[in-house]
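One structure is given here, and the rest of the page talks about it.
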Amino acid sequence: MLTTSSLELLSIVLFKDNVEEVLSYLMKSGVFHPIDISEVEKELGKLSTLSTSNQNGELESLEIRLTDILRRTGIHLLPSKDIEGFNYSKVKEIISKVEGELEPIIKEKEKIQELLKVKENFFYQVKEYLPFPITKRVSYTFLEVYLGKINVENLSLLEKGLVDIPHIFYPIRKEKDEVVSLIIGLKQDKPLIGKVLKELAWQEMENLEQGTLLSKKVEGKLALEVKEYKLKLADIEENIKKLILSFMDDLSKAQFFLMFMRNLRELKRQSRATSNTVLICGWVPEEVKCKVIEEIKKISPASYIESKAPKELSISKEDIPVYLKNNWFLKPFELLVNSYGVPRYGTIDPTVFVAIGFLIMFGVMFGDLGHGLVLSLLSLFLIRNNKEKIKEAGILILYCGISSSLFGILFGSFFGYEFSSLWFKPINNLLEDFRLSIIFGIGVISTAIIINVINALRDNDYMKAFFDKAGLISGVVYWSVIGLVVKVFIRKGSLSSIHLLLILGGIILLLCKPIIEVIYRKKKEGLITNFIEGVVDILEITIGYLANTLSFIRISAFSLAHTGLFIAVFELSKIVSARGSDFWSWVIIVLGNIFIILLEGMVVTIQSLRLNYYEFFSRFFVSGKRIYKPMGI
């Protein structure tokens, strides 16, 4: 369909006993766009909303707890819609069970992470001074070295005393019942370490032979400790993963249930209630209206349902949500349309025209097989993203890459290297290139005029259909001027009386617009002012259409700029190659192509959007206020 899809407003009245089941169906159907009834009937807006206060606190609490579990474990759940028999108690039970089993593992993980962080920081500070002589005579900025003897019986007490202090303990050798040992700690912890050593009768030594060799062993021991902590952390991560996997199905269902209940709460907030009944109001596509009514009647036979088309309601078309029903190929181009605005309900959906025009313009201006393939490959990274908007942007880039590749084949260009073209080479056929750009521009502007006339006729706005700047009369004058120019200047023919008559007649009709408005719209005041405005409009239309048509020459200009950048890169490469540096010559070609892809890719995208928005949309686009967003799960 070339127009926005037709919607109808459903007003549903039912008893409170059935409200949960009916609202659940409407959400599961995925076609119901709820609105506040006060938008249609202001008097009914005085009714109170359906109460949800008893569920708010519990819902918020469970959502926070589940989000915390997912955040701490780094797990992403895939929603499971099989929530039969699920309720708040069931979800609370699942979350509590997971928290109970997960908490001690998470605490252990956080403890190991903290210890690992301390060990790594300590290791990097020690490593900065290695290898160093093991002696008391040397002082270090951040480290304190302790060399001495300790009784064998006090070793376990020494380890306990230093457990919370960043350090490395290395036993060197045993002498009878004593152990010659090395302790390295941070200078800031000197009072704490000194206290522990004093309590355990530590005997200091001045130096140690072969100290430099020993310091390398210390480094190895410390590196081993860091590695052990990392292995412990990996084991904990694996245990967390196994635990979550054992609860994955229940957690997925719990997450989906909470999403469902949140959406249900929002739906209730837009409903209105009396003591016994509930009033629900919303938009549904015309083609599924009967099915929705039938299903609601099955759930609540006593319900009353009223369906009204937009023309039966006393609301403006701008307030009706817009449903752009495009297929999988055109869907990504809605991003470009919605970036400009939401097309008003009942108007022509421009998505298909944008898709055709944007891809042609981008392909011509960025026509290179190699660059197109690069864009196509880069787009695959975005397409794999889970976010819908990013995925659609990736598909758009893929389309642009394909278009660029096709025009690259037609123009005979692969990363700037020329091969036999299937059509022509823009750099060798400037006039042909300019001529095709002008013809394309005339086609775009003519399409915009036709769409504007159709939109106006659908609104029964005949003055706009005929006398608008992009109306039928302006269009006839524009086409007549083009026909006259082609016949006289291109085909070298004589002036055509038909063309002159159409142009003159159109100008006269546009000048008569104020008089026709007086007759058609009963508008009596400001006749002279409107006449002067009409003259100004004619001048604006004349200059505007000429400038807008010539504006499409930029397609050829940027196509030539693309080729020109290639020429500059290859000339620079030849200069470097002539000096005997083939390697740097290829580097220039590669970097030059990357530069062209980035610069031209951005510029060509902007120019393609500019021509669509300014030269095309500005002639017919009427904005709506909202997009059709059915409540779903």
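The values are calculated or read from the model by the stated rules, or taken from the named source; none is laboratory data. Keep in mind the model is a prediction, meaning the values are calculated, not measured. As a convention, Cβ positions derive from the backbone with ideal geometry for all residues, glycine included, and neighbour counts pool all protein chains shown. For the accessible areas, the whole protein counts, side chains as well, though only heavy atoms, and no ligand, DNA or RNA atoms are used. Shrake-Rupley method; radii C 1.70, N 1.55, O 1.52, S 1.80 Å.
Observations on the model:
- Tally of residues being farther than 18 Å from I594 by Cβ and outside any helix (DSSP H, G or I) across the range 368-389: 4
- Of all residues in the range 476-507, those satisfying the criterion of being open to solvent by 40 Å² or more (accessible area, probe 1.4 Å) and either outside any helix (DSSP H, G or I) or of a type in the set (K, R) (or both) are K487, R491, K492, S494, L495.
- Long-range neighbours under 8 Å by Cβ, at least six apart or interchain, first residue on the phi < 0 side of the Ramachandran plot and open to solvent by less than 50 Å² (accessible area, probe 1.4 Å) within the range 54-67, second of a type in the set (S, T, N, Q) and at pLDDT 85 or above: L66/Q255
- Residue within the range 205-222 that is at pLDDT below 85, part of a strand (DSSP E or B) and over 37 Å from the mean Cα position of the chain (by Cα) present: yes
- For the range 266-312, a tally of residues being charged (D, E, K, R), under 18 Å from K28 (Cα atoms) and open to solvent by less than 70 Å² (accessible area, probe 1.4 Å) returns 4.
- Residue match in the range 127-140 (condition: modelled with pLDDT of 75 or more, not in a loop (DSSP other than H, G, I, E, B) and not small (G, A, S)): no
- Test: T351 is in contact (Cβ under 8 Å) with a residue 12 or more places away in the chain, more than 29 Å from I37 (Cα to Cα) and open to solvent by less than 40 Å² (accessible area, probe 1.4 Å): yes
- Per this entry, I575 is counted among residues that are of a type outside the set (F, W, Y) and either closer than 17 Å to C400 by Cα or open to solvent by 90 Å² or more (accessible area, probe 1.4 Å) (or both).
- Of all residues making up the range 390-442, the number that are open to solvent by 20 Å² or more (accessible area, probe 1.4 Å), in a helix (DSSP H, G or I) and of a type in the set (S, T, Y): 1
- Of all residues making up the range 456-475, the number that are within 17 Å of D349 (Cβ to Cβ) and either surrounded by fewer than 22 Cβ atoms within 10 Å (Cβ to Cβ) or modelled with pLDDT under 90 (or both): 3
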